[in-house]
1. With A:THR53, A:THR117 as the choices, which residue is part of a loop (DSSP other than H, G, I, E, B) and touching a residue at least 12 places away in the same chain (Cβ under 8 Å)?
2. Identify the single condition in (1) within 14 Å of chain D (Cβ to nearest Cβ); (2) touching a residue at least 60 places away in the same chain (Cβ under 8 Å); (3) hydrophobic (A, V, I, L, M, F, W, C) that C:LEU110 does not satisfy, given that it satisfies every other one.
3. Report whether or not C:LYS244 is among the basic types (Lys, Arg) and free of Cβ contacts under 8 Å to residues at least 12 places away in the same chain.
4. Residue check: is C:SER222 out of contact with any Lys or Arg (no Cβ under 7 Å at 6 or more places or on another chain) and away from chain B (no Cβ under 14 Å)?
5. When you check C:CYS199 against the structure, is it crowded, with 22+ Cβ neighbours inside 10 Å and within 21 Å of C:ALA265 (Cβ to Cβ), yes or no?
6. Report yes if A:SER48 is part of a loop (DSSP other than H, G, I, E, B), farther than 17 Å from A:TYR239 by Cα and either touching a helix residue (DSSP H, G or I) at 6+ places or on another chain (Cβ under 8 Å) or at pLDDT 95 or above (or both), otherwise no.
7. Residue check, C:MET270 against (1) within 14 Å of another protein chain (Cβ to nearest Cβ); (2) of a type outside the set (Ser, Thr, Tyr); (3) at negative phi, all met but one. Which one?
8. Could you list, in sequence order, the residues of the range C:38-72 that are of a type outside the set (Lys, Arg) and within 18 Å of C:ALA20 (Cβ to Cβ)?
Number of protein chains: 4
Amino acid sequence: MEELQRLVDLCRPLYTRGQAASYIPALADKDPSLFFVHIIDEHGKSFSSGDVTEKFTLQSISKVISFIYVCEEHGLDEVLKHVDVEPTGDSFNSIIRLENTYLGKPFNPLINAGAITVSSLLVGNTKEQQLVGLYNFISKMTGVETTINEEVYQSEIVTADRNRAIAYYLKSNEVLVGDVEVALDNYFRQCSIEVDARCLAKIGLILSNDGVDPLTNEYFFSKKIAKVAKALMLTCGMYNASGKFATFVGIPAKSGVSGAVLSIANPESMEGLSGKIGIATFGPAIDEIGNSVTSIAFLKKISEQYDLSIF
Amino acid sequence: MEELQRLVDLCRPLYTRGQAASYIPALADKDPSLFFVHIIDEHGKSFSSGDVTEKFTLQSISKVISFIYVCEEHGLDEVLKHVDVEPTGDSFNSIIRLENTYLGKPFNPLINAGAITVSSLLVGNTKEQQLVGLYNFISKMTGVETTINEEVYQSEIVTADRNRAIAYYLKSNEVLVGDVEVALDNYFRQCSIEVDARCLAKIGLILSNDGVDPLTNEYFFSKKIAKVAKALMLTCGMYNASGKFATFVGIPAKSGVSGAVLSIANPESMEGLSGKIGIATFGPAIDEIGNSVTSIAFLKKISEQYDLSIF
Amino acid sequence: MEELQRLVDLCRPLYTRGQAASYIPALADKDPSLFFVHIIDEHGKSFSSGDVTEKFTLQSISKVISFIYVCEEHGLDEVLKHVDVEPTGDSFNSIIRLENTYLGKPFNPLINAGAITVSSLLVGNTKEQQLVGLYNFISKMTGVETTINEEVYQSEIVTADRNRAIAYYLKSNEVLVGDVEVALDNYFRQCSIEVDARCLAKIGLILSNDGVDPLTNEYFFSKKIAKVAKALMLTCGMYNASGKFATFVGIPAKSGVSGAVLSIANPESMEGLSGKIGIATFGPAIDEIGNSVTSIAFLKKISEQYDLSIF
Amino acid sequence: MEELQRLVDLCRPLYTRGQAASYIPALADKDPSLFFVHIIDEHGKSFSSGDVTEKFTLQSISKVISFIYVCEEHGLDEVLKHVDVEPTGDSFNSIIRLENTYLGKPFNPLINAGAITVSSLLVGNTKEQQLVGLYNFISKMTGVETTINEEVYQSEIVTADRNRAIAYYLKSNEVLVGDVEVALDNYFRQCSIEVDARCLAKIGLILSNDGVDPLTNEYFFSKKIAKVAKALMLTCGMYNASGKFATFVGIPAKSGVSGAVLSIANPESMEGLSGKIGIATFGPAIDEIGNSVTSIAFLKKISEQYDLSIF
């Protein structure tokens, strides 16, 4: 897998074109030159580069996991009553469409308005129960106990005004279910969930294999939900650059401002890896849109070299 | 003053074209056929029709009073750092411009975004102190102790999601000063302040006389602030119908969804009244824009008959 | 009238804070340090400073004159079917509300969308007849034959894409009457009408006196239309700074990007002038909003000194 | 292929849920119960149902073909200077983003603003040459001379005001190249191009095979351009329902208000068809978003039955 490592080495220096997210100290302090990659295929073969056991927070990547979990719990139809699956050209934290659109339903679960709505659907009678379900869902997929980064979580709470505005607007539109502050707290916690590249790639592998772990045959979510999640990642997963990523990389992916990107592919042959694969990349330097600079570059490279585009 | 009473009688039946505000039970339960009018001139002469001692809540009329009070406390220049004085064509509860406009400063203090910003500027180390100042300001003008309608206040809190969204958005834009929940609580309380038509007309008289009570020569606020308040009332005081009211009535006015309207004029002669006058009207049936149907009709009639338009 | 001249001299140096409009060569070439003022009162007394016989184009000032003319021809009610009288917080050349608002009717006749709609209502079977009516209307008021600046007119045509977009959008909304290109040509011609400060002040005097020339008693338009025009000028006449102008100057005014401003007032006594007055100022250096820097400063000065504000 | 015919029969009655486009007589007069399907695979095998030689106009389907053609002529990089590849949540004929977005570049070539921009890039010194190139490009793919429906073309011109507004706005933003009216005329002509289902499916087959006709090995456009086109179709091809189509059908597709849909897939086995396929469906009854009701239903059915989704 020297070729994959060569591509990693080629992309790592590009971190200088971005910088670590600044709104949260715990993110801003990350070394921007870090670049970790972990890829795992359906046969259990894997490629690693960098410290794939160093943890980072999911941030917006949690949106797609939370959406999957809630759909599996409530049924897709029920969830789609609260959130649509249409891309927008707006910023992830835009509130305008909630006012301009008749029903005020968020356009998709990967923008903040949609993700907070989904967080309000987390099941459980108590706040603890609601999150325990999501934590367990992730833990079972990764084989590692789910933890949150307390420092990041506290920072999210402190910088929450815009998200709180969105949440109360959703409540006034009768889209958000239950208590606003509980939904927000769920949302901040899920954003603060910590994983390493190995765990994230494993989640990708299960998604790539339509909800079933190909290594254990364990079922996590339905094929139907997997397809919805993949379509959402392709059309809305990379913030305002989703269209360009679909066009020039062409694989379902979701990024977070921590610098992590979760993506999936299905190569015929990629340096010994083949079939369904999950890909986790982590490079804290993000561009002005919010996507990891090195991750984008690397995913573009491997998409071209191994013909990963679904188009 | 039979002619004024004739005009009242002419306009009262028009209440059937509107209906009482429905979002708060305490407002919805008002008899829509009520119509109270009190006018007082700088010589102390007055005209009354209906029960001018029955109380109603200020609602949005409080926005202009709170603005005046805060300007008098902080100075106009300081307040205008937080809120502009430009009309918009948007709904009173619109949030869009906070996102679309570079600085995110509310366009004027008579839309909710601006009024909540102003509420955040109420002075005092404690919440109680903040409101005591405003209450005292009003009490001194009216000669009556200021009270709030507890039922309306509790209802405002319950239906507060949209305003809370606006407030947190303002906070994220660093426009709103201090604690968001305190500013909102101030705002809900000021909206719930109760006055009767006599008191409201008295406030109008002082505003009409540029901040000084013409009957006692007591000073309340500066002429400069009075002029700003009047200009704001003319350009933005009647919600989305402000332009039409300026055009066809032509006097500074501010309405509230309770059905009250505060306005001022300066007639040469109006059935024995003359000079600076304050006008309070109250008719709970409001049109779809939020303005009292009977009040609008009556103000238009007297403007035409006694040449009240400032244009 | 030395004091008025002193205020002119005080304001003239402020031209350095703005610059001449750049989108049209004929405007860009104007000496930005020019500053002409002409004021005429209802008794025929006047104040002049600078070359009050040098011509400049009306630009957006034509919007209010054309609106008055069309209202007088068609009746106010008919015109208001096509254009509302509500202020907006948008740029003069914004198209967004035509899409966001249900009916797509322009909010007022002083933004481009509204002015082009009004231009489409100019009466006459032929394009020539349509404009002859407006030209004659102006000529009779000023006592001077109305001419257009051919160079400016040609430049307007060349830089017309945004206005053409607005006009076709209005047509698709079925607001604009008749042929789009004819309406646009009318609009460009009326913007290119040339007047000098004396003529412009005369128009102001007639408007100030509610449509009747106080010097000749000649009737031009109804008092009702005059009041609508004045209200529009106050609420929407100074582009996106209309609210601030209403607040801090407080007189009906309309500016054009040529650097001209038409305004009216009613001083008790102003250095020998009194009663209804028309004010024309011309200083080509405009601020980023489009208003003449020196004109704004001068109008603010005289408003404060002679208590001109209508509030 | 009885099963495919069974699915056609199942979906045809659903036409009652939509109605033929009403804005153009030539479209409104179509029998809404028509439903034609033609599918052709890379081996030349095909399935037909209904009159697959009856012609219909491309309407918005032309947008993707024109985009491909222009990219092949100018190079992808050059075209992307004028139009982005990001989805929006807006209507196809929205103008708002041209004002709200800094650069004013259309978000993608499948909304009207983007398509008209692309039409302005059609090469050729004369209008005739510009379109001859596109016509020839299509003729060579279909093997049939390209014609336009003159009645539809004339109707497009008559109902062109909104598109003309968009085009002039683009011109004022300096996005649209060359003469606005020429670009518009190109656009109306390309919308009026007539094909039958066989021809449309053939175009789909070539796109599906990345720009090369698999039956003749003739080259039409590059694989890179094909991938961009497919990504655009998936993210933006089905108007405001593109996200839902991606989610629940999951194949690149482009619809037109004539009721035609062009789509592509790559089934392992579909009643004897296999490998790259082009799919043309035509059912004039469209839903409120603009997509053929019967086409959508049929494509969803075959996607589920033959696992066509790319996700």
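The values are calculated or read from the model by the stated rules, or taken from the named source; none is laboratory data. Computed from a prediction, not measured in an experiment: that's the story for all the values here. Here Cβ is always computed from backbone atoms with ideal geometry, including for glycine, and neighbour counts include all displayed protein chains.
1. Values: A:THR117 fails: part of a loop (DSSP other than H, G, I, E, B).
Selected residue: A:THR53, the only one of A:THR53, A:THR117 that is part of a loop (DSSP other than H, G, I, E, B) and touching a residue at least 12 places away in the same chain (Cβ under 8 Å).
2. Failing condition for C:LEU110: (1).
3. Yes; evaluated as a whole, the condition is true for this residue.
4. Values: out of contact with any Lys or Arg (no Cβ under 7 Å at 6 or more places or on another chain): yes; away from chain B (no Cβ under 14 Å): no.
So C:SER222 fails the test.
5. Details: crowded, with 22+ Cβ neighbours inside 10 Å: yes; within 21 Å of C:ALA265 (Cβ to Cβ): yes.
Taking the combined requirement at face value, the residue satisfies it.
6. Details: part of a loop (DSSP other than H, G, I, E, B): no; farther than 17 Å from A:TYR239 by Cα: yes; either touching a helix residue (DSSP H, G or I) at 6+ places or on another chain (Cβ under 8 Å) or at pLDDT 95 or above (or both): yes.
No: the conditions fail for A:SER48.
7. Failed condition: (1).
8. First, the residues of the range C:38-72 that are of a type outside the set (Lys, Arg): C:38-44, C:46-54, C:56-62, C:64-72.
Scanning the range C:38-72 gives C:GLY50, C:ASP51, C:GLU54, C:PHE56, C:THR57, C:LEU58, C:GLN59, C:SER60, C:ILE61.
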